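Accompanying notes for the structure given below.
The values are calculated or read from the model by the stated rules, or taken from the named source; none is laboratory data. Keep in mind that this is a model prediction, so the values were computed, not measured. Quick reminder, even Gly has a Cβ in these numbers, built from the backbone with ideal geometry, and neighbours come from all protein chains shown. Note: areas computed on protein heavy atoms with side chains; ligands, DNA, RNA excluded. Shrake-Rupley method; radii C 1.70, N 1.55, O 1.52, S 1.80 Å.
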Amino acid sequence: VENKKGKVDVTPIANFFRNEIKEQITKIGGKPRMVAFLTTDDQGALDYSKWTKIACNKDGIEFILKRIERVDLEDAIIEANQDDDVHGIMVYYPVFGGMLDSYLQDVISPEKDVEGLSTTNRFNLYHNIRYLDKEMTKKCVIPCTPLAIVKIIEQLGIYRENVELGQALVGKEITIINRSEIVGRPLAAMLANDGAIVYSIDINGIIMFEAGKRYGTIKMVETKITKEEAMLKSQVLILGVPSPNYKVNSDLIKEGTVVINFAGCLNVDEDIDSKTILVPTIGKVTIAMLERNLMRLYNNQRLKKTL
Ligand code: NAD
């Protein structure tokens, strides 16, 4: 890591990936299309959709925001699944909340699941299955927020280079406060897969994630370590508690830690950047990964047509 302290703006990281996508689209000459369904007036979702649309349009992707009633969402998803001109589908959650939202996540066809949140895509991630089909023509997509965080960690120089698969994070300890199926658990699995010891903390306690014996397998391990001990041991601390009142005590974060905050509100005091590297927001890279996932789906679908 070059700069040992201070705030990191992730815009150059996002631009690096977006430029790659732009070039790819110019080369192919097609028009990848993503449809996003919004069923609420949530300002956060509205802002996120606005930024996504601006980025997509600049990069040659058509982003269509559809505002519909939540009771009509299932039918709308099915229609988009069947529409050959739609390559990726996303939904702004929560819609109903709870298990009904999990059900809706799985109504989206895994082949159009641009956020990588369907059970199929998550199962494949947890079990190191790289393709959706037996013929190995359709690559799976990885949930875009965890993917964005991995890319940021890579760009900050925490991954060791020129090592064997699964070795790049050996010797690193990482704490993640959030174990949702959208971000925290897929992220813990990905980092453990690269060799890190991950302390995954949620409101009910801590579970450790580490690499299994065979590459691509992950073990969840019960642990007696406390949250405080885990944070003090970690070189990277990742925060995603969706509450403005949640702030980690600065004394629990050691000097030089890389702190990455993906929650909508900052989970640490802002002046923590005087002793750590602080990435206060990651949204721009998440949008870049959403575009990257869309390109993967677009290419999968293009390939299907030419087979
Ligand atoms: P979620 O509600 O599904 O999960 C929240 C997690 O935080 C759970 O694991 C919960 O147990 C844990 N948690 C809550 N309170 C806690 C506490 N006091 N101590 C320890 N753990 C606690 O939310 P989510 O979908 O994972 O999203 C989390 C946040 O990330 C939200 O603010 C969301 O807006 C944001 N988000 C950002 C991006 C991005 O790209 N920047 C993408 C997705 C989500």
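Suppose we keep only residues that are small (G, A, S) and in contact with a helix residue (DSSP H, G or I) (Cβ under 7 Å, 6 or more places away or on another chain) within segment 31-57. Which one would you say is nearest to D101 (Cα to Cα)?
A36
If a residue counts only when it is under 28 Å from F16 (Cβ atoms) and within 12 Å of the ligand (Cβ to nearest atom), which helices (runs of 4 or more DSSP H) contained entirely in segment 130-247 have at least 2 such residues?
Passing ranges, in order: 144-155, 184-193.
Look at segment 252-307 and say how many of its residues are open to solvent by less than 10 Å² (accessible area, probe 1.4 Å) and more than 30 Å from K5 (Cβ to Cβ).
The qualifying residues number 6.
Within the bounds of segment 104-116, is there any residue that is within 16 Å of the ligand (Cβ to nearest atom), surrounded by fewer than 24 Cβ atoms within 10 Å (Cβ to Cβ) and at pLDDT 95 or above?
yes
Taking segment 117-129 only, how many residues are open to solvent by less than 30 Å² (accessible area, probe 1.4 Å) and assigned to a loop (DSSP other than H, G, I, E, B)?
2
Among the candidates A211, A189, single out the residue that is open to solvent by less than 30 Å² (accessible area, probe 1.4 Å), of a type in the set (G, A, S) and under 16 Å from N128 (Cβ atoms).
A189
For R302, all conditions in the list (1) more than 30 Å from G30 (Cα to Cα); (2) assigned to a helix (DSSP H, G or I); (3) away from the ligand (no atom under 14 Å from the Cβ) hold save one; what is the number of the exception?
So R302 meets the others, but not (1).
So the check is Cβ under 6 Å with 6+ separation or different chains; which pairs have a first residue in segment 261-286 that's farther than 16 Å from S250 by Cβ and a second one that's open to solvent by less than 40 Å² (accessible area, probe 1.4 Å) and of a type in the set (S, T, Y)?
Here the result reads K284/T11; T286/T145, each pair linking segment 261-286 to a residue that is open to solvent by less than 40 Å² (accessible area, probe 1.4 Å) and of a type in the set (S, T, Y).
Is it fair to say G166 is loosely packed, with under 14 Cβ neighbours inside 10 Å, closer than 30 Å to G256 by Cβ and more than 15 Å from the chain's Cα centre (by Cα)?
no
Which residues, taken from segment 68-79, are open to solvent by less than 60 Å² (accessible area, probe 1.4 Å) and out of contact with any Ser or Thr (no Cβ under 9 Å at 6 or more places or on another chain)?
Of everything in segment 68-79, just one residue is open to solvent by less than 60 Å² (accessible area, probe 1.4 Å) and out of contact with any Ser or Thr (no Cβ under 9 Å at 6 or more places or on another chain), namely A76.
Taking segment 34-61, which residues are within 21 Å of the chain's Cα centre (by Cα), in contact (Cβ under 8 Å) with a residue 12 or more places away in the chain and open to solvent by 20 Å² or more (accessible area, probe 1.4 Å)?
Answer for segment 34-61, where residues must be within 21 Å of the chain's Cα centre (by Cα), in contact (Cβ under 8 Å) with a residue 12 or more places away in the chain and open to solvent by 20 Å² or more (accessible area, probe 1.4 Å): D42, G44, Y48, W51, K53.
Would you mind telling me which numbered condition in (1) open to solvent by 10 Å² or more (accessible area, probe 1.4 Å); (2) over 24 Å from A148 (Cβ atoms); (3) more than 16 Å from the ligand (Cβ to nearest atom) F96 fails?
(3)
Considering only residues that are under 20 Å from Y93 (Cα atoms) and part of a helix (DSSP H, G or I), which ones fall in segment 52-68?
T52, K53
Against the conditions (1) assigned to a helix (DSSP H, G or I); (2) surrounded by 13 or more Cβ atoms within 10 Å (Cβ to Cβ); (3) among the β-branched types (V, I, T), where does I89 fall short? Just the number, please.
Unmet for I89, out of (1) assigned to a helix (DSSP H, G or I); (2) surrounded by 13 or more Cβ atoms within 10 Å (Cβ to Cβ); (3) among the β-branched types (V, I, T): (1).
Which residue pairs have Cβ atoms closer than 6 Å, lie 6 or more positions apart in sequence or on different chains, and pair a first residue in segment 141-166 that is in contact (Cβ under 8 Å) with a residue 40 or more places away in the chain with a second residue that is of a type in the set (G, A, S) and within 16 Å of the ligand (Cβ to nearest atom)?
Listed by first residue and then by second, the contacts come to V141/G116; I142/G116; P143/G116.
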